[in-house]
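A quick write-up on the structure given underneath.
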Amino acid sequence: MRSSPQDVLAGVFGFQGFRPGQEEIVDRLLAGTHTLTVMPTGAGKSLCYQVPALIFDRPSIVVSPLVALMDDQVAGLRANGVDAACIHSGQSREQNVDEWMKVRNGTAKLLYMSPERLMTDRMLAALERLNPAMFVVDEAHCISKWGASFRPEYEMLSALADRFPDATMAAFTATADNATRRDIAEKLFRSRGDIVVHGFDRPNLTLGVTPKVHWKKQLMAFLDARRGQAGIVYCLSRRMTDEVAEMLTGEGIRALPYHAGLPPEVRKENQDIFMTEDAVVMVATIAFGMGIDKPDIRFVFHLNLPGSMEAYYQEIGRAGRDGNPSEVQMLFGLDDIRMRRQFIDQDGENSEHKLREHKLREHKRLDALLAYCEATRCRRAALLSYFGEDSEACGNCDTCLDPPVLIDGTREAQMLLSAIARTGQAFGAAHIIDILRGAKTAKIEERGHDSLPTFGIGADHDKPFWQAFIRQAVAGGYVSINIEGYGGLVLTRNGDAVLKGEESFTYREIPKSTKPARSERRSKVEMDTSDIDGDLLASLKALRRDLAAERNVPAYIVFGDATLIDMCRMRPETLDQMSLVNGVGPKKLQDFGPAFLRALSAGAA
């Protein structure tokens, strides 16, 4: 008689109950139902396949995109007494052979591999002899060209369903819109299975977007209120990543750079420091992020506009994985929009038809992100709506906490649109603003634009006002940026309707000051530990750090913060009492229980 999921959950992992949505997925997989699960980051996707894998008689193969992610997953399982195996290029041939022997002999029921390593004729032939019970595709959005992180090597996995007809196919992702979900299901199990969506909402994240004015001042105002917290600052380029990391270091913040231009050993060292130490800020390009399972990242700050709504959701998903309040903030400006449009138009595909489709799709995705940036109602509702999920106003985003004032700007919009039209829709924002404000520049005089009816009609507003106004017009779909035309502003159908008086234009109030609109409030994201002894918690964290360093694993592999806080509240005095602490399974009780009991006893003395 095989074990029940509840027995494995408690007996191996030390949890007394499943989180919402987990048990349903476990039951589906145990019943042999091919399943794509879309579940928000931090909801516990790993347990959904690890529990059934330990119940199945035959091995399960987990496909993962990153060596670091595989190593962390295997380290976490081994800390709970599960002998999982891992084969990847970061190990010697002898190590990989030893890992394979554990799977072949039945010692290890879980084998982690990259898609490239798995999809070789030799490996597939060897696995056929073992007849795997389940294939698990983690970060499954990588298989779809509709997704934000398509990886060509993932597409090979579509052959698994035909080669292993007796195996259950399981796929997991936190980031997939409707088109991406359908594509994943078709490729992995020919749509003969279930798609289960457990929501995209991360209610512990406070969402915010701010127009980019003085990015250095805005970033420092944000970080000054959050010194002592771990976080990520995302930048668009390697050069900017290095510049920001150096600037923050000069301001007394422990900041490390991470981008593809750094030597591999430097990237690894910086990532290890970020994962194992407190209050480190990682300044990074999008090269950093996938598989980063640090639970106490308290903020994610975007200095530049991400590439799409999916990419944005994926990147903010690194914050607050422990469920505690965290903040995500984004700055965006007109230059970001222009650069993103340019990236899309310079991207290439094989055929002209595919190229057109790809560009159209990516421009639409960027349009959705711009609409999110300029949202005048609940920002969370706008985000969830993109993924097909309805939501009431959340009360935990900038537009709910500080609702914007909306103003009828039809007159100003007609000034802007007229200036764009009268100059042939061939000039960028800077020149159009100079015309509206009546600036006597050489460029204006050479082209005779000082004789236009629109010359100087917007002089009542300063340059920052018009910059913000144009940004809102672009984000709202009234004006587009012609990348092939060197960034010239072009009227859209909606813009043409406003110019003709057929539609009105409403804009979000633009502060007159060029400084950040208000001083940053102190972060609300401190954990609720008011009922516990702070010194005791600090000593438990120090012990955890030492034990993790001895084993060369991230601190959360030993125990998560929630488990340490639970220890402080329960104050167990015996191993039996310690076993009742949430997150303390039998193996961790054996390995770490005595040391933490001694620390608790010393703290109570």
**Along principal axes, Cα extents of segment 534-604, largest first, whole Å** = 28, 27, 19
**Prompt:** From the square roots a ≥ b ≥ c of the eigenvalues of the alpha-carbon gyration tensor of segment 48-152, which class results: rounded (a/c under 1.5), prolate (a/b over b/c), or oblate?
**Reply:** rounded
**Message:** Please give me the summed charge of the neighbours of A311: other residues whose Cβ is under 11 Å from its Cβ, Lys and Arg +1, Asp and Glu -1.
**Reply:** -1
**Message:** Show me the ranking of peptides 84-95, 106-117 by mean Cβ neighbours inside 10 Å, starting with the highest.
**Reply:** 106-117, 84-95
**Asked** Where nothing but the Cβ of Lys and Arg (+1) and of Asp and Glu (-1) is charged, how large is the charge dipole of the chain around its Cα centre, in debye to the nearest 20?
**Response** 540
**Request:** Taking H placed 1.01 Å from N in the peptide plane, check which residues at least 5 places from V479 or on another chain put their amide H under 5 Å from its amide H.
**Result:** V474, T492
**Message:** So for each of 358-369, 303-314 I average, over its residues, the number of other beta carbons within 10 Å; can you give me the resulting order with the highest mean first?
**Reply:** 303-314, 358-369
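Once you order the gyration tensor axes a ≥ b ≥ c over the Cα atoms, which shape class does segment 202-347 get: rounded for a/c under 1.5, otherwise prolate or oblate by comparing a/b with b/c? Walk me through the numbers on the way to the answer.
Numbers: a/c = 1.31, a/b = 1.18, b/c = 1.11.
Rounded is the answer for segment 202-347, as its axis ratio a/c remains below 1.5.
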**Spatially proximal lysines relative to K294 (Cα-Cα < 30 Å; intrachain offsets below 8 disregarded)** = K45, K102, K109, K145, K212, K216, K217, K268, K524, K541, K587, K588
**Request:** On a C-alpha basis, how far is the centre of segment 245-284 from the centre of segment 353-400 in Å? Whole number, if you could?
**Result:** 31
**Message:** For Cα pairs less than 8 Å apart in space and 6+ apart in sequence, what is the mean separation divided by the residue count of segment 406-508, i.e. the relative contact order in percent?
**Reply:** 39
**Fill in**
With -39,500 (n - 2.57) per DSSP H segment of 4 or more residues and division by the full residue count of the chain, the 222 nm estimate, nearest 500 deg cm²/dmol, is -13500 deg cm²/dmol
**Asked** For segment 280-398, what is the Kirkwood hydrodynamic radius in Å, using each pair of distinct C-alpha atoms?
**Response** 15.8
**Request:** Just name one of Y372, P203, I143: the one whose Cα is farthest towards the positive end of the charge dipole of the chain (beta-carbon charges, Lys/Arg +1, Asp/Glu -1).
**Result:** Y372
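Using 0.36 nm per residue, how much length does the chain from D194 to D166 gain when fully extended, once their Cα-Cα distance is taken away?
Numbers: separation 28, 0.36 × 28 = 10.08 nm, distance 1.66 nm.
Full extension from D194 to D166 adds 8.4 nm.
Please state the relative contact order of the chain as a whole percent: Cα pairs under 8 Å, 6+ residues apart? Write down the numbers at each step before the final one.
On the way: 1026 pairs, mean separation 83.8, N = 605.
Computed value for the chain: 14 percent relative contact order.
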**Message:** Can you give me the long-range amide H partners of D194? Hydrogens built in the peptide plane at 1.01 Å from N, cutoff under 5 Å, separation of 5 or more residues or another chain.
**Reply:** H34, T35, L36
**Complete:** Filtered hits (aspartates and glutamates, Cα-Cα < 18 Å from K440, offset >= 8 within chain) -> D450, D460, D462
**Request:** Post the alpha-carbon centroid distance, segment 98-167 to segment 62-97, in whole angstrom.
**Result:** 14
**Prompt:** With the contact rule set at Cα under 8 Å and sequence spacing of 6 or more, what percent relative contact order holds for segment 534-604?
**Reply:** 35
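Taking neighbour counts of Cβ atoms within 10 Å as a proxy for exposure, in what order, fewest first, do I432, I184 appear? Numbers along the way, then the final one.
Numbers: I432 24, I184 28.
Ranked by crowding around the Cβ, least crowded first: I432, I184.
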**Complete:** Using alpha carbon positions and the Kirkwood radius, the Rg to Rh ratio of segment 393-438 is 1.25
**Prompt:** If we sort 125-136, 54-65 on the protection proxy, mean other Cβ atoms within 10 Å, highest first, what's the order?
**Reply:** 54-65, 125-136
**Item:** Positive-end extreme of charge dipole, the chain - chosen from V213, T399, L491 (charges on Cβ)
**Value:** L491
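Membrane-span-like helices in the chain: DSSP H runs reaching 24 Å or more (Cα, own axis), mean Kyte hydropathy at least -1.0?
TM-like helix candidates: 534-551, 586-604.
Since every read-out is calculated from the coordinates, none of them should be taken as a lab result. Note that the structure is a prediction, hence the values are computed from the model and not measured. Methodologically, a virtual Cβ is constructed for each residue, glycine included, from the backbone with ideal geometry; neighbour enumeration extends over all protein chains shown.
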